[in-house]
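Each value in this text was obtained by applying a stated rule to the coordinates, not by laboratory testing. Note that this is a predicted model, so its numbers are computed, not measured. Here the Cβ is made from the backbone with ideal geometry for all residues, glycine too, and neighbour counts use every protein chain on show.
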Amino acid sequence: MERSTLQAINVARAARRAAVVVTDLSGGASQVFLEGARLQPEWDGLIVEALRSGRAGVAAVEGRSLFVNVHLPPPRIVAIGAVHISQALAELAAVAGFDMTIIDPRTAFATPERFRAVELLAEWPEDVLPSRPLDRYTALAALTHDPKIDDYPIRTALEAGCFYVGALGSRKTHAARVERLGQAGVPADVIGRIKAPIGLHIGAASPAEIAVAVLAEIIEALRSRDATGRTGGTR
Amino acid sequence: MRHKQRVTNMSKEPNILDPLEVAETWCSDGRKVALATVIETWGSAPRPIGSHLVIDEEGNFQGSVSGGCVEGAVIAEAMDIIESGTPKILEFGVADETAWRVGLSCGGRIRVYVERIDG
């Protein structure tokens, strides 16, 4: 493999862009194909299928043996709310191998002292997300209980096909949320993708325990995705 | 020019859990590097297809292609491939005494492609 090929793969991975690397196993060159880039017709089927399934493997094309490797962006958690649960979730997410970003416009909560080794943005989700889009490799956990902060990222996550969308709040809080999202024109089946009350039912009580329940639910969603990488039909 | 590059690039520490990042950093540092990739598995295999092990000319390595069962053999082959530049496909199976003295205790079988990073 050429060093420039290796660099191209790493640039794509750093930019959270899916990439397919095709290596000729008879000692030929490697080629990198990026998600969304225009493809020559002879490559179309192989690359599109690799991106769709996320599965690597050996393929025989015109008598040549090719190895097709797929680099999908690593799963990421975006938490809305620099709250107590997020502090514990940041620690757990790092251990479990997730990238994590926390967004909260309330500067009293979003302080570097409360959050050390995690990306923390003390801004409104409306201001952050357009330049840092959510994608289907992202889990969104809305943890503020405040519709002014939570509702926009929840809608955006549903539109982006995030593999997990969870929202903190009692059944009553969530019923009001469902009502608001419905009035805003979000279809009922899409609203139904929101995990609420958030977290697996393990009787979690403390903020740290709730963080465990949320992370477990995120892992469950990640590992039970269908071949297209989605958990439900949102687009 | 190459010496200057070595100094500036060595300041960036790669994530040691990311073999492709390690490979790029090692290349920038002027080390000779081989990349091993699991290309096929049968039965119970410890690491999925696409997993990487990166090796330098001194036998330093990061990443994995198995649970530590066959890495030693892959590293030895990789050091030859760093010299020759000719890629190779290695195959490992359980108790595969004839072809290799190492095998997978899990009972699976894997094929590993080993290539040099050039340029």
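Among A:VAL21, A:VAL61, A:VAL83, the largest mean-square fluctuation in a Gaussian network model of chain A (Cα springs under 10 Å) belongs to A:VAL61.
Taking amide H positions as modeled 1.01 Å from N, with prolines and chain starts lacking one, the residues under 5 Å from A:ASP99 and 5 or more places away or on another chain are A:ILE77. The angle separating the long axis of helix A:171-183 from the principal Cα axis of greatest extent in chain A is about 60 degrees. Along the charge dipole of segment A:66-185, Cβ charges K/R +1 and D/E -1, which of A:CYS162, A:GLN183, A:MET100 sits furthest on the positive end? It is A:GLN183, whose Cα lies furthest towards the positive end. Summing Cβ point charges (Lys, Arg +1; Asp, Glu -1) relative to the Cα centre of the protein assembly as shown gives a dipole of roughly 780 debye. Count the net charge of all other residues whose Cβ sits under 13 Å from the Cβ of A:ARG106, scoring Lys and Arg as +1 and Asp and Glu as -1. That sum, taken over residues with Cβ under 13 Å, equals -2. Which stretch or stretches of segment B:27-44 have amide N atoms under 13 Å from the point lying 7 Å from A:LEU25's Cα along the Cα→Cβ direction? Correct set: B:37-42. Each Lys and Arg contributes +1 and each Asp and Glu -1, all at the Cβ; summed about the Cα centre of segment A:3-71, the dipole is approximately 360 debye. Placing dummy labels 7 Å off each Cα toward the beta-carbon, the span from A:GLU62 to A:GLU220 is 4.9 nm. Extending 7 Å from Cα along the Cβ direction at A:SER170 and again at B:ALA76 yields two label points whose distance is 6.8 nm. Each part reduced to its alpha carbon centroid, segment B:30-73 and segment A:150-175 end up 40 Å apart. This model, with +1 at the C-beta of Lys and Arg and -1 at the C-beta of Asp and Glu, gives segment A:1-147 a dipole about its Cα centre of some 220 debye. Look at the dipole of segment A:86-235 built from charges on Cβ: of A:ALA110, A:ALA90, A:SER206, the Cα furthest out on the positive end belongs to A:SER206.
Each stretch of four or more DSSP H residues adds -39500 (n - 2.57); spread over every residue of chain A, this sum gives -11500 deg cm²/dmol at 222 nm. Once both labels are positioned 7 Å from their Cα atoms along Cα-to-Cβ, the gap between A:ALA96 and A:ARG16 label points is 1.7 nm.
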